[in-house]
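Taking it in order: structure first as structure tokens, then the write-up.
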Amino acid sequence: MELAAAVDGYLHALQHLRRSSPHSVAAARRDLDAFRRFAADHGATATEAVDVHLLRRYVATGMRAGYKASSMARFLSSIRGFYAWLMDEGVADANPAQGLRAPRGERRLPRTLTREQAGTLAEVAPEDDGPLACRDRALVELFYSSGLRLSELAALDLDDLRARDELRVLGKGAKTRVVPVGREAQRALAAWVRLRGRLARTDCPALFVSSRGTRLSRRAIQQRMALRARQAGLGVPVHPHRLRHAFATHMLEGSGDLRAVQELLGHASLSSTQIYTQLDFDHLARVYRGAHPRARRRPGGPEDGA
């Protein structure tokens, strides 16, 4: 089967059958189009002409061109998903990308906030204390309380508040999960819901609405978070994903339960959550160095045992 036609069929399936997000479909399109062009340059225009040797050459070429290991891993993941679909459709007999991994790169730890910074961000009192300020506090509290993705929070409807302490969330891959809502977030949400009717249009189901009464966009949420960080004088950039990282980091520091954090974040694989074990270790290492009598730095000298 021609690669171009196969790619079009796969993207159609992602969009209309699997109901993948527009962002996921666009990313798959970019990755597969780039690979298709590379394959064509090397004489492989059909799905059956692609083998592991061509894929290894693709990875090597990408690394020489300056792509990061994480980018090459994403490219291979897209190709792997494409060929898995071809196998399901009976078009391909094997997945040439199965088991092939990109070179390991340095794994960057996500930037997060301290407990004090997260509290300051939530509790700052802007000069305008009307419905919008009330809404923005509820946004911050919910991000930090439940570790939601930006897309998940923006898609919330009023009906998703199942109870005072529970929230129904539609995550990646159209998977629904129920997350707990902490005490401070419950209070902030209750205050916002009481004022929401002043802004929301009667036909708008969204939990968070704009001053025009329509669903608050993801871009608007990002802008309001950045504004609130400036109002709080934090001195660091704040965006929704940073609050999600803070939630995960502080939950793991407090519980040590990686599985529970995985469930709360809505990660399909535990490997996605394991980045936070390094953050947790860094925290423990700082505590250790500050508390253990044989680990403290000697005044005016190197650490003991150096």
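Please treat every number below as a calculation from the coordinates, not as lab data. The model shown is predicted, which means the values in this text are computed figures rather than measured ones. Neighbour counts run over all protein chains shown; Cβ positions are idealised from the backbone, glycine included.
Sorting M251, M225 on the 10 Å Cβ count, fewest up front, what's the list?
Least to most surrounded, the residues fall as M251, M225.
Relative contact order for segment 58-153: what is it in percent, counting Cα pairs under 8 Å that are at least 6 residues apart?
Relative contact order of segment 58-153: 20 percent.
How large is the dipole of segment 3-88 about the Cα centre if only Lys and Arg carry +1 and Asp and Glu carry -1, each at its Cβ, rounded to the nearest 20 debye?
Rounded to the nearest 20 debye, it is 380 debye.
Whole-Hz ³J(HN,Hα) for each residue in segment 116-122, computed from phi via Karplus 6.51 cos²θ - 1.76 cosθ + 1.60 with θ = phi - 60°, x for glycine and proline: what do you get?
Computed from phi, the couplings for segment 116-122 are 5, 5, 5, x, 5, 4, 6 Hz.
What full-extension length gain, to one decimal in nm, is calculated for A4 and R111 as 0.36 nm per residue of separation minus the Cα-Cα distance?
Once the chain is fully extended between A4 and R111, it gains 34.6 nm.
Run the dipole for segment 115-236 about the Cα centre, Lys and Arg Cβ at +1, Asp and Glu Cβ at -1, nothing else charged, and hand back the magnitude in debye, nearest 20.
Dipole size: approximately 380 debye.
Which order results if L150, L100 are arranged by neighbouring Cβ count within 10 Å, fewest first?
Listed from fewest to most nearby Cβ atoms, that is L100, L150.
Using amide H atoms built in the peptide plane, which far-off residues or other-chain residues are under 5 Å from A46 H to H?
L3
Under 5 Å between amide hydrogens, which residues at least 5 positions from E166 or on another chain qualify, with H placed 1.01 Å from N in the peptide plane?
Excluding prolines and chain starts, which carry no amide H, the hits are V181.
Calculate one ³J(HN,Hα) per residue across segment 86-101 by plugging θ = phi - 60° into the Karplus curve 6.51 cos²θ - 1.76 cosθ + 1.60, and present them in order as whole Hz with x for glycine and proline.
4, 5, 4, 7, x, 8, 10, 8, 8, 10, x, 8, 5, x, 8, 10
I need the trypsin sites (Lys or Arg not before Pro) found in segment 1-95, filtered to DSSP loop residues with at most 11 other beta carbons within 10 Å of theirs.
Hits after loop and neighbour filter: R19.
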